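Just below is one structure, and these are the notes that go with it.
The values are calculated or read from the model by the stated rules, or taken from the named source; none is laboratory data. Remember, it's a predicted structure, so these values are computed and weren't measured experimentally. Backbone-built Cβ (ideal geometry, glycine too); neighbour counts: all protein chains shown.
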């Protein structure tokens with residue numbers, strides 16, 4: 001299960017084509033003003049990834065998020081130190097049933113007045 005790790009601070013991930021993401025990584029400057037790493041662009045084909053992990057300050061455009069979710073690719077967000085912040089999952093992700101450990105409960109309804117799930121009566 002190949003995972004794409006996005007770890008470069010201030011990089012931008014956007015939709016390139018129907019099956020490719022474009023990751024724009026800015027140049028890195030040293031404290032003395034020298035440029036040790038030039039800016040670069042990476043094209044990532046979606047057929048090669050099953051999951052995306054975002055560490056730190058990375059920007060994903062809405063179209064990139066939509067494309068990943070349409071392709072049933074989960075996106076996990078972590079802090080700079082690896083602390084879990086959240087996850088975006090498609091409606092039926094590849095590991096949803098395995099993670100839950102039980103079949104989905106179809107007898108629940110959404111209660112809009114109090115904004116929480118409760119069993120149907």
The number of residues in region 29-54 that are out of contact with any strand residue (DSSP E or B) (no Cβ under 8 Å at 6 or more places or on another chain) and at pLDDT 90 or above is 1
Every listed condition ((1) surrounded by 13 or more Cβ atoms within 10 Å (Cβ to Cβ); (2) modelled with pLDDT under 80) holds for residue 108 save (1)
Over region 45-73, the set of residues within 11 Å of residue 3 (Cα to Cα) and touching a helix residue (DSSP H, G or I) at 6+ places or on another chain (Cβ under 8 Å) is 46, 52, 73
With the first residue restricted to region 1-14 and required to be in contact (Cβ under 8 Å) with a residue 24 or more places away in the chain and on the phi < 0 side of the Ramachandran plot, and the second required to be part of a strand (DSSP E or B) and surrounded by fewer than 12 Cβ atoms within 10 Å (Cβ to Cβ), Cβ contacts under 6 Å at 6 or more apart or on different chains are none
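Could you run through region 17-43 and say how many residues are under 18 Å from the mean Cα position of the chain (by Cα) and surrounded by fewer than 17 Cβ atoms within 10 Å (Cβ to Cβ)? It would help to see each step written out before you state the result.
Taking region 17-43 as the starting set, the residues that turn out to be under 18 Å from the mean Cα position of the chain (by Cα) are 17-25, 42-43.
When the remaining residues are screened for being surrounded by fewer than 17 Cβ atoms within 10 Å (Cβ to Cβ), the result is 17-20, 22, 24, 42-43.
Within region 17-43, residues that are under 18 Å from the mean Cα position of the chain (by Cα) and surrounded by fewer than 17 Cβ atoms within 10 Å (Cβ to Cβ) number 8.
Kindly indicate whether residue 93 is at pLDDT below 85 and either within 17 Å of the chain's Cα centre (by Cα) or part of a loop (DSSP other than H, G, I, E, B) (or both).
Working: at pLDDT below 85: yes; either within 17 Å of the chain's Cα centre (by Cα) or part of a loop (DSSP other than H, G, I, E, B) (or both): yes.
The answer is yes for residue 93.
Just give me the residues in region 44-70 being exposed (fewer than 14 other Cβ atoms within 10 Å of the Cβ) and part of a helix (DSSP H, G or I), in sequence order. Steps first, please.
Kept after step one, since they are exposed (fewer than 14 other Cβ atoms within 10 Å of the Cβ), are these residues of region 44-70: 45, 47-48, 57, 59, 62-63, 66, 70.
Answer for region 44-70, where residues must be exposed (fewer than 14 other Cβ atoms within 10 Å of the Cβ) and part of a helix (DSSP H, G or I): 47, 48, 62, 63, 66, 70.
Under 24 Å from residue 86 (Cα atoms), free of Cβ contacts under 8 Å to residues at least 60 places away in the same chain and out of contact with any strand residue (DSSP E or B) (no Cβ under 7 Å at 6 or more places or on another chain): does that describe residue 57?
Values: under 24 Å from residue 86 (Cα atoms): yes; free of Cβ contacts under 8 Å to residues at least 60 places away in the same chain: yes; out of contact with any strand residue (DSSP E or B) (no Cβ under 7 Å at 6 or more places or on another chain): yes.
So residue 57 fits the description; yes.
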